[in-house]
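What follows is a short report on a single structure.
Read the figures in this text as sums done on the coordinates, not as results from a lab. Treat the numbers as computed from the prediction; the structure is a model and nothing was measured. Cβ sites come from the backbone with ideal geometry, for glycine too, and all protein chains shown count toward neighbours.
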Amino acid sequence: MIHPALNLILTAALTLSLGACSKNDTPPAAGSTPAGAVTASSYDAVASSGKGFTVGAVMSAQTVYVLFDPQCPHCGHLWQASLPLHTKIKFVWIPVSFNPTKSLPQAVALLSAANPLETMTAHEASLLAGTGGMAASSSLPAELEQAVKKNTQLLTQLGADSVPFLISKNRKTGAIVSFNGSMETAALATLLGLD
């Protein structure tokens, strides 16, 4: 039997680990959804104007869009949770920047990576290990810097102020689904209609 105090500590740690990172440094409730209603037009806006990198089952008819900040540990947890699903579904990871000095250069580096899967996996492992993620040049190509800034504006237009923010269509129902925050692999598969 777990001591009540230990149970409280474990519950608090799980809640924090499944949360989200906010551009206002005020974390939203775990699993919270953005203020704006997520609709088919929201999905279409992300699909048409978000600039990201694709990983997973590239030929899949189902696409999951994830807006993330490279400095967000909750985004790192969602990245790790998504890895087992890469054989079943296509993910497009769309970087935003809440911190222009740290996350903007990393976002640009991820967008320009020759092997985004390998680069993102190494970056997130470093971030979750507490070493700050990948080193990135402060000399940024203007077009990629602008793309990340537009991605950040897109997140705001969706009514969200924290990441990770996921939007997709459920494979079974076709309904638009979204989630603001991190989750475990099984919950992600259920949300996406993969189970």
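Net length available on complete extension from E184 to S138 is 13.2 nm, with 0.36 nm assigned per residue and the Cα-Cα distance removed.
Most exposed first by the Cβ proxy, i.e. fewest other Cβ within 10 Å, how do T54, T63 rank? Walk me through the numbers before you get to the answer.
Details: T54 13, T63 19.
So the ranking, lowest neighbour count to highest, is T54, T63.
Assign one of three labels to the stretch 126-195, namely rounded, prolate or oblate, based on the Cα gyration tensor with a ≥ b ≥ c the square roots of its eigenvalues; rounded applies when a/c is under 1.5, prolate when it is not and a/b is larger than b/c, and oblate otherwise. Cα axes put the stretch 126-195 in the oblate bin.
Using 11 Å as the cut-off for backbone N distance, which residues of the stretch 82-105 belong to the label zone defined by a point 7 Å from the Cα of L128 along Cα→Cβ? Counting backbone N atoms under 11 Å from the label point, the list is 82-84.
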